[in-house]
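The values are calculated or read from the model by the stated rules, or taken from the named source; none is laboratory data. This structure is a prediction, so every number in the text was calculated from the model and none was measured. No Cβ is skipped: glycine too gets one built from the backbone with ideal geometry, and neighbour counts run over all protein chains shown. Note: areas computed on protein heavy atoms with side chains; ligands, DNA, RNA excluded. Shrake-Rupley method; radii C 1.70, N 1.55, O 1.52, S 1.80 Å.
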Amino acid sequence: MRVMVIIKANADSEAGVMPSEKILADMDKFNEELVNAGIWIEGEGLHPTSKAKRVKFSAGKRLVTDGPFAETRELIAGFWIWKVKSMDEAVEWVKRIPFDDDGGMSDEEIDIRPIFDAEDFGTELTPELQKLRERIRTKDSKLQE
């Protein structure tokens, strides 16, 4: 199964405070462990919402709002996409994230959300739509090379 591991924003990440060299080194070591274990698919940190836009869809209109956005704990500072055997395995890996190892990153909050796979959509995902998805993924993988 694939999961998205969501790192919630906090006051520092929203203020644009960059991680220390120690935090970067610890996270790179952890990321290498994920890669070596075959867990890692993708992972990135995000700029603060002061550099973001929000688009609201309502009654056929699109309303664009400039950041920053309120409610820091509802915002995302970064993410990983992992391939794991179970949610329990994902939880065990999340517990190993080096957030409170003397790096100054305490009180972090992580959400783990399963990613939909084709079979989750049932009969609504017709064979034609499955083929379209496969073509899109093939094109994407070629662009990533």
Residue list for the stretch 106-129, restricted to those being among the polar types (S, T, N, Q) and either over 21 Å from Gly43 (Cβ atoms) or over 22 Å from the mean Cα position of the chain (by Cα) (or both): Thr123, Thr126
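Could you please let me know if Glu134 is at pLDDT 95 or above, surrounded by 10 or more Cβ atoms within 10 Å (Cβ to Cβ), part of a helix (DSSP H, G or I) and of a type outside the set (Phe, Trp, Tyr)? Walk me through it before giving the result.
Details: at pLDDT 95 or above: no; surrounded by 10 or more Cβ atoms within 10 Å (Cβ to Cβ): yes; part of a helix (DSSP H, G or I): yes; of a type outside the set (Phe, Trp, Tyr): yes.
No: the conditions fail for Glu134.
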Selection count, the stretch 42-68, where residues are closer than 18 Å to Ile6 by Cβ and open to solvent by 80 Å² or more (accessible area, probe 1.4 Å): 4
Members of the stretch 16-41 found to be modelled with pLDDT of 95 or more, open to solvent by 80 Å² or more (accessible area, probe 1.4 Å) and under 13 Å from Phe99 (Cα atoms), listed by number: Asp28, Lys29
Of the criteria (1) open to solvent by 90 Å² or more (accessible area, probe 1.4 Å); (2) within 27 Å of Ala118 (Cα to Cα); (3) among the acidic types (Asp, Glu), which one Asp100 fails: (2)
Cβ-Cβ under 9 Å pairs, at least 6 apart or on other chains, the stretch 1-27 side in contact (Cβ under 8 Å) with a residue 12 or more places away in the chain, far side of a type in the set (Phe, Trp, Tyr) and in a helix (DSSP H, G or I): Val5/Trp93
Where a residue in the stretch 31-52 is in contact (Cβ under 8 Å) with a residue 12 or more places away in the chain and its partner, wherever it lies, is open to solvent by 50 Å² or more (accessible area, probe 1.4 Å) and assigned to a loop (DSSP other than H, G, I, E, B), with Cβ under 8 Å and at least six apart: Glu33/Arg96; Pro48/Ala15; Pro48/Pro68; Thr49/Pro68; Ser50/Pro68; Ala52/Pro68
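Quick grid of which residues meet (1) out of contact with any His (no Cβ under 9 Å at 6 or more places or on another chain); (2) at pLDDT 95 or above; (3) under 23 Å from Asn36 (Cα atoms); (4) surrounded by 15 or more Cβ atoms within 10 Å (Cβ to Cβ):
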{"site": "Trp80", "(1), (2), (3), (4)": "yes, yes, yes, yes"}
{"site": "Met87", "(1), (2), (3), (4)": "yes, yes, yes, no"}
{"site": "Glu119", "(1), (2), (3), (4)": "yes, no, no, no"}
{"site": "Thr126", "(1), (2), (3), (4)": "yes, no, no, no"}
Within the stretch 1-34, considering residues that are of a type in the set (A, V, I, L, M, F, W, C) and in a helix (DSSP H, G or I), the one nearest to Phe69 (Cα to Cα): Ala11
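Answer yes or no: is there a residue in the stretch 88-111 that is in a strand (DSSP E or B) and under 20 Å from Lys8 (Cα atoms).
In the first step, residues of the stretch 88-111 are kept if they are in a strand (DSSP E or B); the result is 110-111.
Those left that are additionally under 20 Å from Lys8 (Cα atoms): 110-111.
Among the residues of the stretch 88-111, at least one is in a strand (DSSP E or B) and under 20 Å from Lys8 (Cα atoms), which makes the answer yes.
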Given (1) under 24 Å from Phe116 (Cα atoms); (2) in contact with a helix residue (DSSP H, G or I) (Cβ under 8 Å, 6 or more places away or on another chain), number of the condition Arg2 does not satisfy: (2)
